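Single-structure report; data block below.
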Amino acid sequence: MTAKIIDGKLMAAQVKQEIKKTVAGLNQKPGLAVILVGEDPASKTYVGGKEKDSLEVGFYSQIKRLPATASSAEVIGLVEAYNKDPKIHGVLVQLPLPETMDEDDILNRIDPAKDVDGFTYINAGKLFSGNPGHVACTPAGCLEMLKRSGIDIKGKNAVVIGRSNIVGKPMAMLLLKEHATVTICHSRTKDLASVARQADILVAAIGKPKFVTADMVKDGAVVIDVGINRVDGKLIGDVDFDSVKEKASYITPVPGGVGLMTRAMLMQNTFNAYKTLNNL
Ligand code: NAD
């Protein structure tokens, strides 16, 4: 079997187009504020992408760049100002923050209604309780890709490799909400390959290039590759795409897969925040 490629570029463009069309008819623009602390090159690229996407869909965009020497109090002051700013509906603090800062404390200063990354304890807890508020963009994007591909999730065996707070855990909760039977694997899982082979839906969020090989994949499985690894200047996923695509029924490519949908979901979350804050 050769897998159908789930086209993240096309799906992200569709999501953004849907938002853009609705936003064009609004009196007030949805606003997204992003705070970037320091000079991390990858973070700068991600923030640039967020600004570009915001402008593309017709949002009001505010990017606040602070030096790595900024204090936590300055960052918190900005977050609190954006929480109160009626032009701003989504507030995002780009991670990682400098090591001197308490990431959890700062993220949890964001008004949960404006927490479009879904990282506050309130939004993580809502997802855990089966009543999601804003859901972290990467797992939300993976779910959207499954749905837009017409993949049935109910009753399926889903295996998520990775248990981070920003990908693995929320992904597992989303799949559970969709009535999958969910297994979470991690670095201490024994005989990972045999667990992975049980998966009808396999999500790889590990951070190790080509970690998932064809022998770990059941015939006809749906494979979602979250990994973004830079190897010799190229982006490589956590899945060995060339071999796994011969076994899977659907697969996401890297690049051109989950990363683009993640960006589109930030626009969707900001638009959702705008609607909620305006009682629409
Ligand atoms: P993380 O480092 O926080 O978590 C990695 C997880 O992988 C951990 O839970 C760990 O237990 C597990 N793991 C590590 N080695 C393992 C092994 N040998 N066997 C089984 N499990 C193992 O990473 P993260 O933030 O969850 O990101 C994971 C990957 O996804 C990275 O490549 C990251 O760049 C990428 N990512 C992509 C997007 C996107 O938009 N596509 C967004 C976020 C993260």
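Since every read-out is calculated from the coordinates, none of them should be taken as a lab result. Just so we're clear, the structure is a prediction, and the values are computed from it rather than from any experiment. As a convention, Cβ positions derive from the backbone with ideal geometry for all residues, glycine included, and neighbour counts pool all protein chains shown.
Let me confirm something: among Ala158, Ala193, Ala140, which residue is in a helix (DSSP H, G or I), in contact with a helix residue (DSSP H, G or I) (Cβ under 6 Å, 6 or more places away or on another chain), more than 17 Å from Leu127 (Cα to Cα) and not charged (D, E, K, R)? Can you show your working first?
Details: Ala158 fails: in a helix (DSSP H, G or I); Ala140 fails: more than 17 Å from Leu127 (Cα to Cα).
Within the list Ala158, Ala193, Ala140, the selection yields Ala193.
Looking at Asp219, Asp232, which one is surrounded by fewer than 20 Cβ atoms within 10 Å (Cβ to Cβ), more than 10 Å from the ligand (Cβ to nearest atom) and under 26 Å from Tyr46 (Cα atoms)?
Values: Asp219 fails: under 26 Å from Tyr46 (Cα atoms).
None of the other options fit; the residue is Asp232.
Scanning region 163-182 for residues that are in contact with a strand residue (DSSP E or B) (Cβ under 7 Å, 6 or more places away or on another chain) and closer than 18 Å to Lys147 by Cα, which turns out surrounded by the fewest Cβ atoms within 10 Å (Cβ to Cβ)?
Within region 163-182, the subset in contact with a strand residue (DSSP E or B) (Cβ under 7 Å, 6 or more places away or on another chain) is 163, 168, 171-172, 175-176, 180-182.
Next, from what is left, pick out any that are closer than 18 Å to Lys147 by Cα: 171-172, 175-176, 180-182.
Details: Met171: 30, Ala172: 22, Leu175: 26, Leu176: 16, Ala180: 23, Thr181: 14, Val182: 21.
So the residue we want is Thr181.
From Gly77, Gly49, which residue is surrounded by fewer than 17 Cβ atoms within 10 Å (Cβ to Cβ), of a type outside the set (Asp, Glu) and in contact (Cβ under 8 Å) with a residue 40 or more places away in the chain? Before the answer, list the steps.
Values: Gly77 fails: in contact (Cβ under 8 Å) with a residue 40 or more places away in the chain.
Matching residue, one of Gly77, Gly49: Gly49.
Would you be able to tell me the number of residues in region 183-212 that are over 15 Å from Asp225 (Cα atoms) and surrounded by 24 or more Cβ atoms within 10 Å (Cβ to Cβ)?
0
From Leu95, Leu127, grab the single residue that is in a loop (DSSP other than H, G, I, E, B) and of a type in the set (A, V, I, L, M, F, W, C).
On the way: Leu127 fails: in a loop (DSSP other than H, G, I, E, B).
Going through Leu95, Leu127 in turn, just one is in a loop (DSSP other than H, G, I, E, B) and of a type in the set (A, V, I, L, M, F, W, C): Leu95.
Out of curiosity, is Asp225 near the ligand (Cβ under 9 Å from one of its atoms), crowded, with 18+ Cβ neighbours inside 10 Å, under 15 Å from the mean Cα position of the chain (by Cα) and not small (Gly, Ala, Ser)?
Details: near the ligand (Cβ under 9 Å from one of its atoms): yes; crowded, with 18+ Cβ neighbours inside 10 Å: yes; under 15 Å from the mean Cα position of the chain (by Cα): yes; not small (Gly, Ala, Ser): yes.
Against the criterion (near the ligand (Cβ under 9 Å from one of its atoms), crowded, with 18+ Cβ neighbours inside 10 Å, under 15 Å from the mean Cα position of the chain (by Cα) and not small (Gly, Ala, Ser)), Asp225 qualifies.
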